[in-house]
1. Cα extents of the stretch 13-58 along the three principal axes, largest first, in whole Å?
2. Using a Gaussian network model on the chain with a 10 Å cutoff between Cα atoms, which of 185, 64, 135 fluctuates the most?
3. P(r) tail for the chain, what percent of Cα pairs lie past 22 Å?
4. Kindly report the accessible area of the chain per residue (heavy atoms of protein chains, probe 1.4 Å, no ligands, DNA or RNA), in Å².
5. Along the charge dipole of the chain, Cβ charges K/R +1 and D/E -1, which of 107, 23, 42 sits furthest on the positive end?
6. Which residue, 176, 110, 124, has the most motion in a Gaussian network model of the chain that connects Cα atoms within less than 10 Å?
7. If each DSSP helix of 4+ residues adds -39,500 (n - 2.57) and the sum is divided by the residues in the chain, what number results at 222 nm, nearest 500 deg cm²/dmol?
8. Running a GNM on the chain with Cα contacts under 10 Å, which residue among 54, 166, 104 ends up with the highest mean-square fluctuation?
Amino acid sequence: MTDRETIRIYDSRAEDYARVTASDAPDATLRAFIEALPEKAHVLDLGCGPGLSARHMAAAGHHVDAWDASAAMVELASAHPGVSARQADFDALDAAAAYDGIWANFSLLHAPREAMPRHLAAIHRALKPGGLFHVGVKTGTGSKRDDLGRLYTYYSEAELSGLLRAAGFTPGPFRHGEDLGLDNVMAPWITVTAHA
């Protein structure tokens, strides 16, 4: 994520975002992702926010790197035991066959649409063969800023599936839902875990 306004909002609202997304246990999707990883896997939480998913992965015995473009989010994420957090945007990912899994839960939706193929290609390169990639986005069309000023790019299941396949992934089943966000608006979403 390189949109300065989106980063500024997350820097100023990091504690609020952590409260909105707080969970004492991983949800079914994160639990399935964790269970599908090899023992003591090397995982990247890309766009980790306050590091709640990273915390659950580390608690399950995995080695977790957590990256976010927001300095305030990195500070929160680094407070979790077993989480190695650093400030970095999506374009910083230049590893090759380094990770067993990459978790990008509602982070890549802040990237411009034209950047998504580049980001997915980098993620595919960074995964070990057969590695797991989870992505969550909001559903819809086009791009716009929400009432807080954050930039969002919206995707249909068909578009996201096509982008994943073009990057070399085999997408698993898509999951659909709706949740209340930091902007206090109910928004529909889709998530999928794909294999490299």
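The values are calculated or read from the model by the stated rules, or taken from the named source; none is laboratory data. Predicted model only: the values in this text are computed from it and were never measured. Here the Cβ positions follow ideal geometry from the backbone for every residue, glycine too, while neighbour counts run over all protein chains shown. Remember, those area values only see protein heavy atoms, side chains included, never the ligands or the DNA or RNA. Shrake-Rupley method; radii C 1.70, N 1.55, O 1.52, S 1.80 Å.
1. 35, 19, 13
2. 185
3. Roughly 42 percent, once rounded to a whole number.
4. Per-residue value: 45 Å².
5. Sorting the options by dipole projection puts first 42.
6. For the chain, modelled as a Gaussian network with Cα springs under 10 Å, the answer is 176.
7. -8500 deg cm²/dmol, from helical runs alone.
8. Sorting by GNM fluctuation, first place goes to 166.
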